[in-house]
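The values are calculated or read from the model by the stated rules, or taken from the named source; none is laboratory data. Small disclaimer: the values here were computed from a predicted structure and weren't measured. As a convention, Cβ positions derive from the backbone with ideal geometry for all residues, glycine included, and neighbour counts pool all protein chains shown.
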Amino acid sequence: MAKGECVLVALHYQNENCHPDGKIRIGLAADAEDWRRDVMAAAGRLLAGGRQHGVPLVHVRYAMHAGHANLVPNAPVFRQIIDQDAWVEGTWGTEFIAGLEPAADEIVVSHSRMSGFHGSQLAEVLAHWRPRQLVIAGVSTTYVVEATARHAVDVGYEVSVAHDACATGSRQAHEASLAAMELLCEIRSVDEIVEGWAGEN
């Protein structure tokens with residue numbers, strides 16, 4: 001993966017879904033603490049590797065207006081968010097989880113649907129760098145990661161998904177989502193991706 005033609009997109013590393021006390025904990029359920037720690041550690045290595053090797057990094061965060069006024073409840077996942085009063089802008093849940101916060105000079109965009117592109121400035125931000133390739137990672141694999149990866153492929157990007165920096169409702173669902181993306185994206189480990197960047201120095 002050509003470092004100079006690549007942008008790293010980090011999706012939803014926030015308290016609401018990544019912290020044990022979050023309202024959603026999608027894929028990082030209370031009975032999967034070992035997996036949660038492994039995924040957060042892998043995500044930390046990915047972000048650190050990108051920074052070390054000069055790869056631009058965009059953080060995509062999920063947040064709703066108070067009362068979820070901007071959320072169309074046309075699917076069960078959105079109705080669940082409303083029922084749990086989750087992802088409300090300005091609350092602890094929408095803050096980035098400790099250790100995976102953006103650096104002061106990194107760009108953050110917000111959205112309120114599935115794809116990180118929908119309703120955000122992600123497309124405009126990426127256009128600034130004009131990358132050919134995206135590395136995508138985040139929580140949840142079956143929702144924002146897969147939706148964003150598919151969207152990115154549709155608009156012409158080559159995509160790699162850092163599988164060990166992603167998680168979802170269960171390991172089985174996580175693996176099924178990765179399998180569904182195999183003909184669209186490269187499914188690679190964090191170490192493989194970072195080593196590729198290092199090899200271009």
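Screening the range 91-106 for residues that are under 14 Å from the mean Cα position of the chain (by Cα) and surrounded by 16 or more Cβ atoms within 10 Å (Cβ to Cβ) and picking the one that is farthest from Ala137 (Cα to Cα) gives Thr94.
Of the residues Val145, Val139, Val108, Val125, the single one that is in contact with a Lys or Arg (Cβ under 9 Å, 6 or more places away or on another chain) and in contact (Cβ under 8 Å) with a residue 40 or more places away in the chain is Val108. In summary, His59 fulfils each of the numbered conditions (1) crowded, with 21+ Cβ neighbours inside 10 Å; (2) closer than 17 Å to Ala103 by Cα; (3) in contact with a helix residue (DSSP H, G or I) (Cβ under 7 Å, 6 or more places away or on another chain) with the single exception of condition (3). What do you reckon, is Ile136 at pLDDT 95 or above, part of a helix (DSSP H, G or I) and closer than 12 Å to Leu8 by Cα? Spelling it out, it is not the case that Ile136 is at pLDDT 95 or above, part of a helix (DSSP H, G or I) and closer than 12 Å to Leu8 by Cα. Just one residue in the set Val194, Val144 is surrounded by 18 or more Cβ atoms within 10 Å (Cβ to Cβ), out of contact with any helix residue (DSSP H, G or I) (no Cβ under 9 Å at 6 or more places or on another chain), among the β-branched types (Val, Ile, Thr) and in a helix (DSSP H, G or I); that residue is Val144. Considering Ala63, Ala32, the condition of being farther than 30 Å from Gly4 by Cα, within 15 Å of the chain's Cα centre (by Cα) and not basic (Lys, Arg) is satisfied by Ala63 alone.
Okay, residues lined up against (1) buried (at least 21 other Cβ atoms within 10 Å of the Cβ); (2) in contact with a helix residue (DSSP H, G or I) (Cβ under 6 Å, 6 or more places away or on another chain):
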{"position": "Glu124", "(1), (2)": "no, no"}
{"position": "Arg130", "(1), (2)": "no, no"}
{"position": "Leu134", "(1), (2)": "yes, yes"}
{"position": "Ala152", "(1), (2)": "yes, no"}
{"position": "Cys166", "(1), (2)": "yes, yes"}
{"position": "Ala179", "(1), (2)": "no, no"}
{"position": "Glu186", "(1), (2)": "no, no"}
{"position": "Ser189", "(1), (2)": "no, yes"}
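For the range 108-133, name all the residues that are of a type outside the set (Ser, Thr, Tyr) and assigned to a strand (DSSP E or B).
Of the range 108-133, the ones of a type outside the set (Ser, Thr, Tyr) are 108-109, 111, 113-114, 116-119, 121-133.
Within the range 108-133, Val108, Val109, His111, Gln133 meet the criteria.
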